[in-house]
Amino acid sequence: SYIVKKIVEGSNMALISDAGVPGISDPGFLIVRTCLENNIETECLPGPTAFVPALVVSGLPIDKFIFEGFLPAKKGRKSRLEKLALESRTMVFYESPYRVIKTLDQFSQFMGEDRYVSVSREISKKFEQTVRGSLSEVITHFKEKDPKGEFVIILEGKKE
């Protein structure tokens, strides 16, 4: 489309929606994805929850997603991961810095190391960061750089 072409050519553009947050219930994620594919960073002005901006900048389809929040710490975790491995919608999780590597490792174990993930931390704060890639790439990143802050994990659903 014209907007995507202008973004790729390097024009300064803002994505504004009259239907709330761009990308939620509209095709705005296609523009975000195109920006990411062309190494153009995206930002989303945060609202009252951390997961919405993380979801919007993930580059994953967000027309249908599920919010899981924090996974069970122990009891029921394995069975929940087994069910989520079959989920085709984009998945949203919250995680603490103390368990983020363990959670990503378990996602890799149950869903495959090539599954795409976007991990955001410290949304709307000074040290906000988003790391995107395959589970194996993102796990390596956080094993090399000590995870700090509160995390939102956006995980690709199973391809149908």
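Yes/no per residue for (1) modelled with pLDDT of 95 or more; (2) in a loop (DSSP other than H, G, I, E, B):
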residue: Glu41; (1), (2): no, yes
residue: Glu68; (1), (2): no, no
residue: Tyr94; (1), (2): no, no
residue: Val119; (1), (2): yes, no
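How many residues, within the stretch 121-145, are touching a residue at least 40 places away in the same chain (Cβ under 8 Å) and either touching a Gly at 6+ places or on another chain (Cβ under 9 Å) or outside any helix (DSSP H, G or I) (or both)? Full working, then the answer.
As a first pass, look at the stretch 121-145 and keep what is touching a residue at least 40 places away in the same chain (Cβ under 8 Å): 123-124, 130, 132, 142-143.
In the following step, the residues that additionally are either touching a Gly at 6+ places or on another chain (Cβ under 9 Å) or outside any helix (DSSP H, G or I) (or both) were identified as 123-124, 130, 132.
Total satisfying the criteria: 4.
Somewhere in the stretch 26-34, is a residue assigned to a loop (DSSP other than H, G, I, E, B), out of contact with any Lys or Arg (no Cβ under 6 Å at 6 or more places or on another chain) and modelled with pLDDT under 95?
Step one: filter the stretch 26-34 for residues assigned to a loop (DSSP other than H, G, I, E, B), giving 26-27.
Right, trim to out of contact with any Lys or Arg (no Cβ under 6 Å at 6 or more places or on another chain) and you get 26-27.
Those still in the list that are modelled with pLDDT under 95 too: 26-27.
Yes: one or more hits.
Residues Phe65, Phe93, Phe70: which one is surrounded by fewer than 15 Cβ atoms within 10 Å (Cβ to Cβ), hydrophobic (A, V, I, L, M, F, W, C) and closer than 21 Å to Ala50 by Cα? Quick ask: steps written out before the conclusion?
On the way: Phe65 fails: surrounded by fewer than 15 Cβ atoms within 10 Å (Cβ to Cβ); Phe93 fails: surrounded by fewer than 15 Cβ atoms within 10 Å (Cβ to Cβ).
Matching residue, one of Phe65, Phe93, Phe70: Phe70.
Would you say Gly76 is among the small types (Gly, Ala, Ser), at pLDDT 90 or above and surrounded by fewer than 13 Cβ atoms within 10 Å (Cβ to Cβ)? It would help to see each step written out before you state the result.
Values: among the small types (Gly, Ala, Ser): yes; at pLDDT 90 or above: yes; surrounded by fewer than 13 Cβ atoms within 10 Å (Cβ to Cβ): yes.
When the stated conditions are applied, Gly76 passes them.
For the stretch 99-112, check the following and say yes or no: at least one residue is assigned to a loop (DSSP other than H, G, I, E, B), open to solvent by 20 Å² or more (accessible area, probe 1.4 Å) and either without any contact (Cβ under 8 Å) to a residue 24 or more places away in the chain or within 16 Å of Phe151 (Cβ to Cβ) (or both).
Taking the stretch 99-112 and keeping what is assigned to a loop (DSSP other than H, G, I, E, B), we get 99, 112.
After this cut, where a residue has to be open to solvent by 20 Å² or more (accessible area, probe 1.4 Å) as well, the list is 99, 112.
Still in the running and either without any contact (Cβ under 8 Å) to a residue 24 or more places away in the chain or within 16 Å of Phe151 (Cβ to Cβ) (or both): 99, 112.
So far as the stretch 99-112 goes, yes, one or more of its residues are assigned to a loop (DSSP other than H, G, I, E, B), open to solvent by 20 Å² or more (accessible area, probe 1.4 Å) and either without any contact (Cβ under 8 Å) to a residue 24 or more places away in the chain or within 16 Å of Phe151 (Cβ to Cβ) (or both).
The values are calculated or read from the model by the stated rules, or taken from the named source; none is laboratory data. In this text, all values refer to a predicted model and were calculated from it rather than measured experimentally. Reconstructed Cβ throughout: ideal geometry from the backbone, glycine too, with neighbour counts over all protein chains shown. SASA here: full protein model, heavy atoms, side chains in, ligands and nucleic acids out. Shrake-Rupley method; radii C 1.70, N 1.55, O 1.52, S 1.80 Å.
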